[in-house]
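J.: Following this message is one structure expressed as structure tokens.
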Amino acid sequence: MADTDTPRTMRAWAVTEPGPVEADTPAPLRLVVKPVPVPRDDELLVRVRACGVCRTDLHVTEGDLPVRRPGVTPGHEVVGEVAAAGAAVRGFAVGDRVGVAWLRSTDGSCAYCLRGAENLCPASRYTGWDADGGYAEYTTVPADFAHRLPADVPDEASAPLLCAGIIGYRALRRAALPAGGRLGLYGFGGSAHLCAQVALAEGATVHVLTRGAAARRLALELGAASAGDAYAPPPEPLDSAVLFAPVGDLVPVALRALDRGGVLAIAGIHLSDIPPLHYESDLFYEKEVRSVTSNTRADAREFLALAARHGVRATTHAYPLSRALDALRDLKAGRFDGAAVLVNDLS
Ligand SMILES: [Zn+2]
Ligand SMILES: [Zn+2]
């Protein structure tokens, strides 16, 4: 089935010369004309309505992550509507509202997939890195990896839930926060401010440790017990902490802030080098440090359901899709708090 109004070509952003986003000549990301993708039998063609701007898009654009598809279109927090569906797709119809997230496909057959850890699948592929994503008028997604979205949350507020929200949720679970526990969040951008809302709704005491007055203000507005400098100790020892800032220097800082038996989860896909750890102050008394790698579809379903139940909302800053490069520049420079969302002004 297909929407007969679908055009043959579209405008899309492409990472043509990975490098610093501040550069103008050549700019790393350019608005180009591409064919509208044709969905495979198991895929949906999605008309993009909004697409969140994630720090991973910055890593893809600047070349911190290796190029996996030359000229890739970034974007993996896509809210759109089904414009066409492949012949083998069941359960979706043209016009349905769907979300497209980072995890695009897995093999479903390896040891990790079979034990429910599909986030570790060596054959996993990712939207906006291995395949073109949502900084475009249209994108595709395997139907098995498309997400249904809470009906009452507008497009712009839903987009950041699809990566920032899901990853923040997995990081929270990896941090093994006990019921009613004390949680520290290092860095307070798109992912952390959604993670904080889930933790607060579940009864945690949340301490936010970040630079930036606007981020601290947002943290306190959302209900954090304190908001202070990342390098200063929190007002009380922490049961769990999540490091959202991509700053390895903060790993020993966060470990020292943990109480005995505490767990630190590192949420980012990219982290600067971690300085040497001091065993007695940083790790002894059974402190743990854990990484967070992508997410499973089960994480996504659990988080989207919790987000609907607890009214989790992204604080967003809208940019027209035609200004995606400006949004990435502003993200890098820390010019907004919450999450940037590109709203399709191209079609
Ligand atoms: Zn992301
Ligand atoms: Zn697998």
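J.: May I ask you to list the residues in region 236-256 that are touching a Phe, Trp or Tyr at 6+ places or on another chain (Cβ under 9 Å) and modelled with pLDDT under 95?
T.: Ala245
J.: Among the listed residues Val100, Val141, which satisfies the condition of being touching a residue at least 24 places away in the same chain (Cβ under 8 Å), under 13 Å from Ala83 (Cβ atoms), in contact with a Lys or Arg (Cβ under 8 Å, 6 or more places away or on another chain) and within 16 Å of ligand 1 (Cβ to nearest atom)? Spell out how you get there, then give the answer.
T.: Numbers: Val100 fails: in contact with a Lys or Arg (Cβ under 8 Å, 6 or more places away or on another chain).
When all the criteria are applied, what remains is Val141.
J.: Tell me which residues, restricted to region 123-138, are within 16 Å of ligand 2 (Cβ to nearest atom) and either crowded, with 24+ Cβ neighbours inside 10 Å or hydrophobic (A, V, I, L, M, F, W, C) (or both).
T.: Here is the first cut: in region 123-138, the residues within 16 Å of ligand 2 (Cβ to nearest atom) are 123-126, 130.
Selection gives Ala123 alone.
J.: Limited to region 291-311, what total is found for residues that are farther than 30 Å from Ala151 by Cβ and crowded, with 16+ Cβ neighbours inside 10 Å?
T.: Here is the first cut: in region 291-311, the ones farther than 30 Å from Ala151 by Cβ are 291, 293.
Applying the additional criterion that residues be crowded, with 16+ Cβ neighbours inside 10 Å yields none.
Residues meeting the conditions: 0.
J.: Which of the residues that make up region 287-310 are in contact with a Lys or Arg (Cβ under 7 Å, 6 or more places away or on another chain) and of a type outside the set (A, V, I, L, M, F, W, C)? Don't jump to the end; show me each part of the working.
T.: Restricting attention to region 287-310, the residues satisfying the condition of being in contact with a Lys or Arg (Cβ under 7 Å, 6 or more places away or on another chain) are 290, 292, 295, 299.
Of everything in region 287-310, those that are in contact with a Lys or Arg (Cβ under 7 Å, 6 or more places away or on another chain) and of a type outside the set (A, V, I, L, M, F, W, C) turn out to be Arg290, Asn295, Asp299.
J.: Identify, from the list Gly134, Gly168, Gly128, Gly116, the residue that is on the phi > 0 side of the Ramachandran plot and within 16 Å of ligand 1 (Cβ to nearest atom). Give the steps one after another, and end with the answer.
T.: Working: Gly134 fails: on the phi > 0 side of the Ramachandran plot; Gly168 fails: on the phi > 0 side of the Ramachandran plot; Gly116 fails: within 16 Å of ligand 1 (Cβ to nearest atom).
After applying the criteria, what remains is Gly128.
J.: Another question, if that's okay. Keeping to region 88-107, report how many residues are exposed (fewer than 13 other Cβ atoms within 10 Å of the Cβ) and either within 6 Å of ligand 2 (Cβ to nearest atom) or under 21 Å from the mean Cα position of the chain (by Cα) (or both).
T.: First pass over region 88-107, keeping only residues exposed (fewer than 13 other Cβ atoms within 10 Å of the Cβ): 88, 90-91, 93, 95.
From what's left, either within 6 Å of ligand 2 (Cβ to nearest atom) or under 21 Å from the mean Cα position of the chain (by Cα) (or both): none.
Going through region 88-107 one residue at a time, the tally reaches 0.
J.: Could you check how many residues of region 166-191 are not in a loop (DSSP other than H, G, I, E, B) and not aliphatic (A, V, I, L, M)?
T.: Kept after step one, since they are not in a loop (DSSP other than H, G, I, E, B), are these residues of region 166-191: 166-174, 182-186, 190-191.
Applying the additional criterion that residues be not aliphatic (A, V, I, L, M) yields 168-170, 173-174, 182, 184, 186, 190-191.
Of the residues in region 166-191, 10 are not in a loop (DSSP other than H, G, I, E, B) and not aliphatic (A, V, I, L, M).
J.: Quick check, is Ala327 of a type outside the set (S, T, N, Q), in contact with a helix residue (DSSP H, G or I) (Cβ under 8 Å, 6 or more places away or on another chain) and surrounded by 15 or more Cβ atoms within 10 Å (Cβ to Cβ)?
T.: Details: of a type outside the set (S, T, N, Q): yes; in contact with a helix residue (DSSP H, G or I) (Cβ under 8 Å, 6 or more places away or on another chain): no; surrounded by 15 or more Cβ atoms within 10 Å (Cβ to Cβ): yes.
No, not satisfied.
J.: Six or more apart or on different chains, Cβ under 7 Å: which pairs go from a residue in region 103-121 that's free of Cβ contacts under 8 Å to residues at least 40 places away in the same chain to one that's in a loop (DSSP other than H, G, I, E, B) and within 16 Å of ligand 1 (Cβ to nearest atom)? Could you list them?
T.: Within 7 Å, the pairs are Thr106/Ser124.
The rows are residues; the columns are (1) touching a Cys at 6+ places or on another chain (Cβ under 9 Å); (2) free of Cβ contacts under 8 Å to residues at least 60 places away in the same chain; (3) surrounded by fewer than 16 Cβ atoms within 10 Å (Cβ to Cβ).
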{"residue": "Arg40", "(1), (2), (3)": "no, no, yes"}
{"residue": "Arg47", "(1), (2), (3)": "no, no, no"}
{"residue": "Ala50", "(1), (2), (3)": "no, no, no"}
{"residue": "Leu58", "(1), (2), (3)": "no, no, no"}
{"residue": "Gly75", "(1), (2), (3)": "yes, no, no"}
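The values are calculated or read from the model by the stated rules, or taken from the named source; none is laboratory data. Quantities reported herein were computed from a predicted structural model and do not represent experimental measurements. In this analysis, Cβ positions are derived from the backbone assuming ideal geometry, glycine residues included, and neighbour counts consider all displayed protein chains.
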